[in-house]
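Note sheet for the following structure.
The values are calculated or read from the model by the stated rules, or taken from the named source; none is laboratory data. Predicted, not measured: the structure shown is a model, and the values here were computed from it. Every residue, glycine as well, gets a Cβ built from its backbone with ideal geometry; the counts of neighbours run over all protein chains shown.
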Amino acid sequence: MAGAGVVHLSIMPEHMAHVTAHGLALLVFGALQIVWILAALRWWTRPVILMGVALSAGLILLWVLLYAIPSPFIGHLPLHARILDRALIVSKLLEGTAAAVLIPAYVMKTPSAVGMSRFLQAGAPIACVVTGVGALLWIVAATSETLFPVFSVSAGWPTWRLNQMRPALIAPAVRSSASLSGNSAAYDWDLPQGFPPPRVPEDNPMTHEKVELGRYLFYDKRLSGNGTQSCESCHVQTLAFSDGRRTPIGSTGEPLERNSQALVNVAYNATLTWANPGLTELERQILIPIFGEFPIELGVTSHEEEVLERFRQDERYPQMFATAFPDDPAPINFRNIVHALASFVRSLISGNSPYDRYVAGDKTALSESARRGMELFFSEELECHHCHTGFNFTLSTVHAQSTFSAAAFQNNGLYNLDSAGAYPRGNRGVYELTGKPEDMGRFRPPTLRNVALTAPYMHDGSIATLEEVIQHYMAGGRVIEEGPFAGDGRRNPYKSGLVSGFQLNEQEIADLIAFLESLTDESFVTDPRFSNPFEEKALDQIADR
Amino acid sequence: MRIHIFASAALICMLGLAACQPIQAPTEPSTTLDKPQPVAINFAMKVRDREARCGEVYEGLGASGSPVEINDMRFYISNVRLVNDKGAETPVELEQDGLWQVENVALLDFEDATAGCAETGTPEMNVGIRGIVAEQTFVCPECEPTAILFDLGVPFDLNHLDVTAAPSPLNIPAMWWNWQIGYKFARIDLKTDAAATEGAWFIHLGSTGCSSSDKNTPPEKPCMRPNVVSVRLDNFDVTKKVVVADIASLVAAVDLSESTPQPAGCMSGPDDPDCAILFPAGFGLDIATGACAEEGCPTQRFFRVE
């Protein structure tokens, strides 16, 4: 008990920093325990023993109740210092030991100094067991924290104690609904610093098996009606999974209207594709390139059985599907193909650019020029950051801890065909779906991560270089002098007020480009986990590591 | 003797409880409320006497009598207190709802992401705050509630969080600049007849003069110009009255047909000509110091009681 008193006294200043009253309570409490030891050595009587029991057992009881009774405060606890957590456990173990000694002492009712050694003899084994079990639990808890990160910090559960003990005592449902459910091993996102966990549909939790199957499917041309294209045909890893073309061409030669988007951190996209407020899940988006007929992309429609049969006859796929979807007796079907592709695309996380290393503290990661460009990028003069904000450089971002919708779409003044704001037919942004005038020319702001690799730019690939993109925003829109698309985009009535133009000199333009280039993540575009598994080159890369 | 023992045991249990408290709620205020009562304070966003809505055009605003459409209307308030006629001032302890209110900060959101508000808005709206307050503040038999006090803004210790990791409602990227400057305390995006900026007239209120090594680093010391508006509204009976934020009176002295670009409108820049009139005449702030132009910002014209 003296030990517990000392621990309480030692953590008292930390609590004093929060609220004085609590620190003082710990001071009194710790002092009282030490005084009690002195008193017990002098007067070994039943009332004194009972006070000791109350001190130790009562405290443990209250500590347990703390976890057993739901508290309105628990959701917004600040992170505790680790050392405090440890000290709390140590003090409770010591309290447990003391109580285990004192309870038999009280029960055996022999208030004499001679008897004291007998009580200790009777109590010692119990005390050993209490301390031993407690220490064991503590070690298991501490190790499981590193072995099973799901126990560790997640939204609303700031300390490992809360993660472990509260669900166990009062809310088993909390943990079962977490990512542990349905998986033998939780998926390891390997998220960059500052990236929150992505939002994942409940019916398609991430697994390494699905991601790996999705990777094979992503690179497999057999997933097109005529066997000529794969997802990779328009999403090339070295180009951050864009394709370098103005607009792509489908598997049957049909031209597409919109620029092939980079697949960078799409797990965080609030909405998918260029302009569809209602399309929020990859599982639904992926149906478009596979089955779409207007235009045809992979062209699987009316070749469904043929495509599935190719995978059934393959030597590798039946086993991979069975492993990825163990509960499905006939796993080679389009639902599972889509789920596996979605899992792979979700795994394409990029957050290891020079900019990220700079933010993490490596001040040498950015050149002087890029640093000047960064200040320009985040300035009120340029306004870039209003739409390209946050860790993923887009306002259109959601994650597991998001509490609000974030479907953002803006008109950036590319066209103005009729002076009333019209965009070219078929490419009018959200207007194509809603028909509302104010949705004319509104498109989702894409992430700027790896943007230097994803030229040409804009929803229709109509701007070739980053420098021209900057000039577009400097002018506050685009003027097209002649041709079918002639018009002054600067005067588009639906243009975002944030695209109001600014002035930069040559050096500042170069600085801004240097900053945008610092968002290129070389490890992402060379990561063997994301590479073509059918190419030997990729396999060699894995072997080299 | 036995009573003695029980008394000691009870005392010890109470101490134990006190000792456990810091684990549970280290940031809770230590004030104890006498018979705490739930309280809901209603807000409204108006343009004169009309409800402010996305997609509607309001005529005759500002010194220029400009037509105005609203593209965003959200603001953070903090440190809400109620006062009765005995002069007793009691803080409203906000319910921690995990969505609109955290610590002593609440977000009021009057845009619904329709029409022009779709550019940066959210469909979710919030037109009031909820919390608890000491009973005697407004239901004591012989006293009358007389005033409400609050700050338009986010206190420094919560103003420079990482928007990605911050608790709701401090997790909205559209209401955040960067680590260095922190949050947009108020975001009122207008579309007017200002030709120079294609009609754009933004009002983004936030701290300025925040020093750190760069925009990705939070400052260690409070910003030079906090630009937090302390609001006191008299004749406020929480059960009968509504706090009205009126865009028309906020911009009454401002020429909305003019705006210097970079940026369009006023984004709190101390040398932005668009802020020069809006700050003192609308928010009651001294633009040079970032403090109230007069003690208690009595010249603010954004809020009133109805």
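Can you tell me which residue in the stretch B:155-193 is farthest from A:P198 (Cα to Cα), limited to those that are of a type in the set (F, W, Y) and not in a loop (DSSP other than H, G, I, E, B)? Spell out how you get there, then give the answer.
From the stretch B:155-193, those of a type in the set (F, W, Y) are B:156, B:176-177, B:179, B:183, B:185; that's our starting set.
Restricting the remaining residues to those that are not in a loop (DSSP other than H, G, I, E, B) gives B:156, B:176-177, B:183.
Numbers: B:F156: 29, B:W176: 20, B:W177: 22, B:Y183: 23 Å.
Among residues in the stretch B:155-193 that are of a type in the set (F, W, Y) and not in a loop (DSSP other than H, G, I, E, B), the one farthest from A:P198 (Cα to Cα) is B:F156.
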Among the residues that make up the stretch A:263-274, is at least one of them buried (at least 17 other Cβ atoms within 10 Å of the Cβ) and more than 20 Å from the chain's Cα centre (by Cα)?
yes
Go through the stretch A:398-425 residue by residue and tally those that are of a type in the set (G, A, S), surrounded by fewer than 19 Cβ atoms within 10 Å (Cβ to Cβ) and over 19 Å from A:G278 (Cβ atoms).
3
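Could you pull out the residue among A:N416, A:N392, A:N427, A:N352 that is touching a strand residue (DSSP E or B) at 6+ places or on another chain (Cβ under 6 Å) and part of a loop (DSSP other than H, G, I, E, B)? Can you show your working first?
On the way: A:N392 fails: touching a strand residue (DSSP E or B) at 6+ places or on another chain (Cβ under 6 Å); A:N427 fails: touching a strand residue (DSSP E or B) at 6+ places or on another chain (Cβ under 6 Å); A:N352 fails: touching a strand residue (DSSP E or B) at 6+ places or on another chain (Cβ under 6 Å).
The conditions single out A:N416.
Can you tell me which residue in the stretch A:478-504 is surrounded by the most Cβ atoms within 10 Å (Cβ to Cβ), limited to those that are within 10 Å of A:Y415 (Cα to Cα) and within 8 Å of chain B (Cβ to nearest Cβ)? Explain how you work it out, then say what you get.
Going through the stretch A:478-504, the residues within 10 Å of A:Y415 (Cα to Cα) turn out to be A:478-480, A:485-492, A:495.
In the following step, the residues that additionally are within 8 Å of chain B (Cβ to nearest Cβ) were identified as A:490-491, A:495.
Numbers: A:R490: 18, A:R491: 15, A:K495: 26.
Here the residue is A:K495.
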If you go through the stretch B:122-164 one residue at a time, how many are of a type in the set (F, W, Y) and either within 17 Å of B:D97 (Cα to Cα) or modelled with pLDDT of 95 or more (or both)?
2
Say we look at the stretch A:447-477 and pick out the residues that are surrounded by fewer than 20 Cβ atoms within 10 Å (Cβ to Cβ) and among the acidic types (D, E); which of these is farthest from A:W274 (Cα to Cα)?
A:E467
Looking at (1) in contact with a helix residue (DSSP H, G or I) (Cβ under 8 Å, 6 or more places away or on another chain); (2) more than 14 Å from chain A (Cβ to nearest Cβ); (3) assigned to a loop (DSSP other than H, G, I, E, B), find the lone condition where B:G121 falls short.
(2)
Checked pairs for the stretch B:73-91, first surrounded by fewer than 23 Cβ atoms within 10 Å (Cβ to Cβ), second modelled with pLDDT of 95 or more and polar (S, T, N, Q), C-beta under 7 Å and 6 or more apart or across chains, list as B:S78/B:N104; B:N79/B:N104
Keeping to the stretch B:194-211, report how many residues are within 12 Å of chain A (Cβ to nearest Cβ) and in a loop (DSSP other than H, G, I, E, B).
4
Would you mention how many residues in the stretch B:202-255 are acidic (D, E) and either more than 21 Å from B:G131 (Cα to Cα) or over 20 Å from the mean Cα position of the chain (by Cα) (or both)?
4
Considering only the stretch B:254-279, state which residues are within 27 Å of B:N42 (Cα to Cα) and surrounded by fewer than 19 Cβ atoms within 10 Å (Cβ to Cβ).
none
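For the stretch A:290-330, name all the residues that are polar (S, T, N, Q) and assigned to a helix (DSSP H, G or I). Don't jump to the end; show me each part of the working.
In the first step, residues of the stretch A:290-330 are kept if they are polar (S, T, N, Q); the result is A:301-302, A:313, A:319, A:323.
Passing the criteria: A:Q319, A:T323.
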How many residues are under 22 Å from B:N71 (Cβ atoms) and either without any contact (Cβ under 8 Å) to a residue 12 or more places away in the chain or part of a loop (DSSP other than H, G, I, E, B) (or both) when one looks only at the stretch A:479-505?
11
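Take the residues in the stretch B:104-118 that are of a type in the set (D, E, K, R) and out of contact with any helix residue (DSSP H, G or I) (no Cβ under 6 Å at 6 or more places or on another chain), then tell me which one is farthest from the other protein chains (Cβ to nearest Cβ). Reasoning before the result, please.
Going residue by residue through the stretch B:104-118, those that are of a type in the set (D, E, K, R) are B:109, B:111-112.
Retained after the next criterion (residues that are out of contact with any helix residue (DSSP H, G or I) (no Cβ under 6 Å at 6 or more places or on another chain)): B:109, B:112.
Values: B:D109: 9, B:D112: 11 Å.
Taking the candidates together, the pick is B:D112.
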Contacts under 6 angstrom Cβ, first residue in the stretch A:282-301 being without any contact (Cβ under 8 Å) to a residue 12 or more places away in the chain, partner surrounded by fewer than 20 Cβ atoms within 10 Å (Cβ to Cβ), 6 or more apart
A:F291/A:T301; A:E293/A:T301
Among the residues of the stretch B:48-67, write down those that are on the phi < 0 side of the Ramachandran plot, free of Cβ contacts under 8 Å to residues at least 60 places away in the same chain, out of contact with any strand residue (DSSP E or B) (no Cβ under 6 Å at 6 or more places or on another chain) and not in a loop (DSSP other than H, G, I, E, B).
B:R50, B:E51
When the stretch B:215-244 is examined, which residues are found to be farther than 28 Å from A:E381 by Cβ and not in a loop (DSSP other than H, G, I, E, B)?
B:S230, B:V231, B:R232, B:L233, B:D234, B:V243, B:V244
Within the stretch B:146-167, take every residue that is within 14 Å of chain A (Cβ to nearest Cβ) and surrounded by fewer than 18 Cβ atoms within 10 Å (Cβ to Cβ) and give me the one that is nearest to B:L285 (Cα to Cα).
B:D157
